[in-house]
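Remarks on the structure that follows.
The values are calculated or read from the model by the stated rules, or taken from the named source; none is laboratory data. This one's a predicted model, so the numbers in the text were calculated from it and none came from an experiment. FYI the Cβ positions are ideal-geometry reconstructions off the backbone, even for glycines, and counts take in every protein chain you see.
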Amino acid sequence: MGRTLALMLNCLLAVYLVSATPSGARDLTVPLLEPLGAVIIDPGHGGRDPGAVVLQHQQQVMEKDINLSVAHKLKDLLDVHAPEIDVYLTREDDTYQSLPARVQMAAQVLPPEGTSKVYLSIHTNAAVVPEASGFEVWINRGDVTAYIAPTVEDAYLKRRIEEIDRTLHRELKDGTDALADAMIESLRDQVGEYMPSRGIRHQDFYVIRYSQMPSVLVEMGFMTNPSELEQLLDESFQMLIARGMLSALLEYRSR
Ligand SMILES: [Zn+2]
């Protein structure tokens, strides 16, 4: 390949990478499928965004508090059982973080050399019918189409960009599938006797769509189901969920 072409290719890739997400460049320096070295835990909602809100004994219960409590438990477990894994929280306390800010923060995490990172978003569910129950693991649908710079006329450049795009998406999908499988299995092991598994589901939630690393979003159970709400507020039950998440991450690490 001539030097000019190589230069052009780099420029085009730079344009492509910057335009690949709304939050900035795709970071090609961090491998996607290397051994796990960092986990970004994302407790959903926070601050002025309470998430789902339900009444229990005339008291408001807010989703953001349950999410944060489980996130801290998981961080503590990881610190003890896998101290070699760096753990980050997108929020440490009851503060508001926009979705792009969370994704941006995760993108900036640099795992130890030769390792990769994953994104785990933690939420609690709500439904119109009080009977709805169980936990779910959500992943991106993976149907993001390749972005081709409209000005690219050169067939070789076009092919190169498409190749890179395909490789990245395949690695992202493989990592995400492995993480989602481990997560649903481990949660089933830990809390399956208390609430049903609703399986792995697909949706383009912002944080798992744009996080640029293997990502899952866990809905831990339904706050709108009175008996499930009791469980979700119970510290020891929260610990069971956190343990399920820990096992999933450890299994993902040793896959
Ligand atoms: Zn939520």
Selection from segment 100-126 of residues that are more than 30 Å from E230 (Cβ to Cβ) and in a helix (DSSP H, G or I): P100, A101, V103, Q104, M105, A106, A107, Q108
Any chance Y206 is surrounded by 19 or more Cβ atoms within 10 Å (Cβ to Cβ) and either farther than 18 Å from E63 by Cα or within 16 Å of the ligand (Cβ to nearest atom) (or both): no
First in segment 71-94 and within 14 Å of A248 (Cβ to Cβ), second anywhere and among the basic types (K, R), Cβ under 7 Å, 6 or more apart: L77/R243
Residue that is nearest to I41 (Cα to Cα), among those in segment 96-111 that are away from the ligand (no atom under 16 Å from the Cβ) and touching a residue at least 40 places away in the same chain (Cβ under 8 Å): A106
Residue in segment 173-181 that is more than 21 Å from L246 (Cβ to Cβ) and at pLDDT 85 or above present: yes
Meets criteria (in a helix (DSSP H, G or I), in contact (Cβ under 8 Å) with a residue 12 or more places away in the chain and crowded, with 23+ Cβ neighbours inside 10 Å) for E185: no
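Any residue in segment 4-18 that is at pLDDT below 90, part of a loop (DSSP other than H, G, I, E, B) and away from the ligand (no atom under 16 Å from the Cβ)?
no
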Hits in segment 64-88 - residues which are hydrophobic (A, V, I, L, M, F, W, C) and surrounded by 18 or more Cβ atoms within 10 Å (Cβ to Cβ): I66, L68, V70, A71, L74, L77, L78, I85, V87
Segment 29-70: number of residues that are part of a loop (DSSP other than H, G, I, E, B), within 16 Å of the ligand (Cβ to nearest atom) and of a type outside the set (A, V, I, L, M, F, W, C): 6
Which numbered condition Q212 misses (of (1) at pLDDT below 95; (2) crowded, with 17+ Cβ neighbours inside 10 Å; (3) in a helix (DSSP H, G or I)): (3)
